[in-house]
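Colleague: The structure follows.
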Amino acid sequence: MTEEEIRVFINGTANYFKTIAEVPAQIGTPFLKEPADQIISDFSAIIGITGLHRGCVYYTAPRLMVQKLVQQLGETDVSDDMCADFVGEIANTISGNAREHLGRNFLISVPVVLRGRPEAIHFPNNVATFVIPVLWDGHRSSLIVCLKDEEPLSMNGAVS
Amino acid sequence: MTARGETRMMKLLIVDDSNVIRRAIERMIGGQRFEEVRTAGNGVDALKEFDAFEPDVVTMDITMPELDGLSCVDAILAKKPDTLILVISALADKATAVEAIKRGAQGFLLKPFTPEMLDTELTELFEN
């Protein structure tokens, strides 16, 4: 991934929170994920990417943060089902918005959502995985971007 | 008469695979503008609901399981060509918006959106 492509996701994430929340998010400095980094939180959504790029975009966040975000939309039901649904929507929206810059051949899947289960998420080992910290209202979540051009990944960001 | 007044007796179908978004749209516009509102979580269910209560207006997501929103636009307009369809999608490339309009949708609203943005799009939908 290029620096410019990472910036697309940084800007997209910032715009997302600015639009839906009363308080904007602070976007931390992106870093390369190391195997020992534990970044998966209570709810995670995975968007598969195909087309001119291949890989995955993940969004992972703690329960309390997702509950507060759901409430920002006027929702009173902050059950786990609603939180899981909304994490999928966040990942879907940020990924879809990236097409403004990455083009219509940046093809996104419907989200796969996991509750907890960090062991179920496997990051590809042959491509750089960038973690973009997303700090909001005292909570820390992460957008994780793992993309390469054209050729398929060896693990394809699999969920087991 | 205002657009808000014109829609009073109309029926609305909200199609989105996110329950949170369906309920948010319903809160934002449903009760104020429309006499009956139903929702569907994918394109297949959307067509079933469409047949069941023949809405005048549809808000349509694009990326959904079972049947995508653009195919659903085709199917709905084949059934009832005067249906007003507002596509609400995260897909931000211009080509997707153009494709939606080409297929017969009358408006395109990019996610994420505020209640004011949705209200503006719906008003334009009726005025145009």
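Colleague: Collect the residues in segment A:45-79 that are of a type in the set (D, E, K, R) and part of a loop (DSSP other than H, G, I, E, B), keeping them in residue-number order.
Modeller: Correct list: A:75, A:77.
Colleague: How many residues are of a type in the set (D, E, K, R) and more than 8 Å from chain B (Cβ to nearest Cβ) if we restrict to segment A:93-113?
Modeller: 0
Colleague: I need a count of the residues in segment A:50-85 that are of a type in the set (Ser, Thr, Tyr) and in contact (Cβ under 8 Å) with a residue 12 or more places away in the chain. Quick ask: steps written out before the conclusion?
Modeller: First, the residues of segment A:50-85 that are of a type in the set (Ser, Thr, Tyr): A:50, A:58-60, A:76, A:79.
Filter once more, keeping what is in contact (Cβ under 8 Å) with a residue 12 or more places away in the chain: A:50, A:58-60.
Matching residues across segment A:50-85 total 4.
Colleague: Considering segment A:60-92 alone, what residues qualify as being closer than 12 Å to residue A:115 by Cα and away from chain B (no Cβ under 11 Å)?
Modeller: Within segment A:60-92, A:60, A:61, A:62, A:63, A:80 qualify.
Colleague: Taking only pairs six or more apart or across chains, which ones have beta-carbon atoms under 7 Å, a first residue in segment A:107-122 that is closer than 20 Å to residue B:91 by Cβ, and a second residue that is of a type in the set (Asp, Glu)?
Modeller: What qualifies is A:110/B:17.
Colleague: Does segment A:1-34 hold any residues that are of a type in the set (Phe, Trp, Tyr) and either assigned to a loop (DSSP other than H, G, I, E, B) or more than 11 Å from chain B (Cβ to nearest Cβ) (or both), and which are they?
Modeller: A:9, A:31, listed by residue number.
Here is a yes/no grid of residues against (1) over 16 Å from residue B:120 (Cα atoms); (2) modelled with pLDDT of 95 or more; (3) within 14 Å of chain A (Cβ to nearest Cβ):
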residue	(1), (2), (3)
B:27	no, no, yes
B:45	yes, yes, no
B:52	yes, yes, no
B:58	no, yes, no
B:64	yes, no, yes
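Colleague: While we're looking at this one, here's another question. Against the definition (in contact (Cβ under 8 Å) with a residue 12 or more places away in the chain, surrounded by fewer than 21 Cβ atoms within 10 Å (Cβ to Cβ) and under 26 Å from residue A:3 (Cβ atoms)), how does residue A:92 come out, yes or no?
Modeller: Values: in contact (Cβ under 8 Å) with a residue 12 or more places away in the chain: yes; surrounded by fewer than 21 Cβ atoms within 10 Å (Cβ to Cβ): no; under 26 Å from residue A:3 (Cβ atoms): yes.
Against the criterion (in contact (Cβ under 8 Å) with a residue 12 or more places away in the chain, surrounded by fewer than 21 Cβ atoms within 10 Å (Cβ to Cβ) and under 26 Å from residue A:3 (Cβ atoms)), residue A:92 does not qualify.
Colleague: Could you figure out which of (1) closer than 29 Å to residue A:150 by Cα; (2) more than 13 Å from chain B (Cβ to nearest Cβ); (3) hydrophobic (A, V, I, L, M, F, W, C) isn't true of residue A:49?
Modeller: So the condition that residue A:49 fails would be (2).
Colleague: Within segment B:77-98, work out how many residues are more than 14 Å from chain A (Cβ to nearest Cβ) and closer than 22 Å to residue A:92 by Cβ.
Modeller: Summing the residues that are more than 14 Å from chain A (Cβ to nearest Cβ) and closer than 22 Å to residue A:92 by Cβ in segment B:77-98 gives 2.
Colleague: Check off (1) outside any loop (DSSP other than H, G, I, E, B); (2) surrounded by fewer than 15 Cβ atoms within 10 Å (Cβ to Cβ) for residue A:37 and give me the number that stays unchecked.
Modeller: (1)
Colleague: Counting residues that are surrounded by 15 or more Cβ atoms within 10 Å (Cβ to Cβ) and either touching a residue at least 24 places away in the same chain (Cβ under 8 Å) or more than 13 Å from the chain's Cα centre (by Cα) (or both), which strands (runs of 3 or more DSSP E) fully inside segment B:29-128 reach at least 2?
Modeller: Passing ranges, in order: B:36-40, B:57-60, B:84-89.
Colleague: Here's a follow-up. Would you point out the residue of segment A:78-124, among those that are within 13 Å of residue B:21 (Cβ to Cβ) and of a type in the set (D, E, K, R), that is nearest to the chain's Cα centre (by Cα)?
Modeller: Among them, the one singled out is A:89.
The values are calculated or read from the model by the stated rules, or taken from the named source; none is laboratory data. What you see is a predicted model; the values in this text were computed from it and never measured. Using ideal geometry, Cβ is built from the backbone for each residue, glycine included, and neighbour counts are taken over all protein chains shown.
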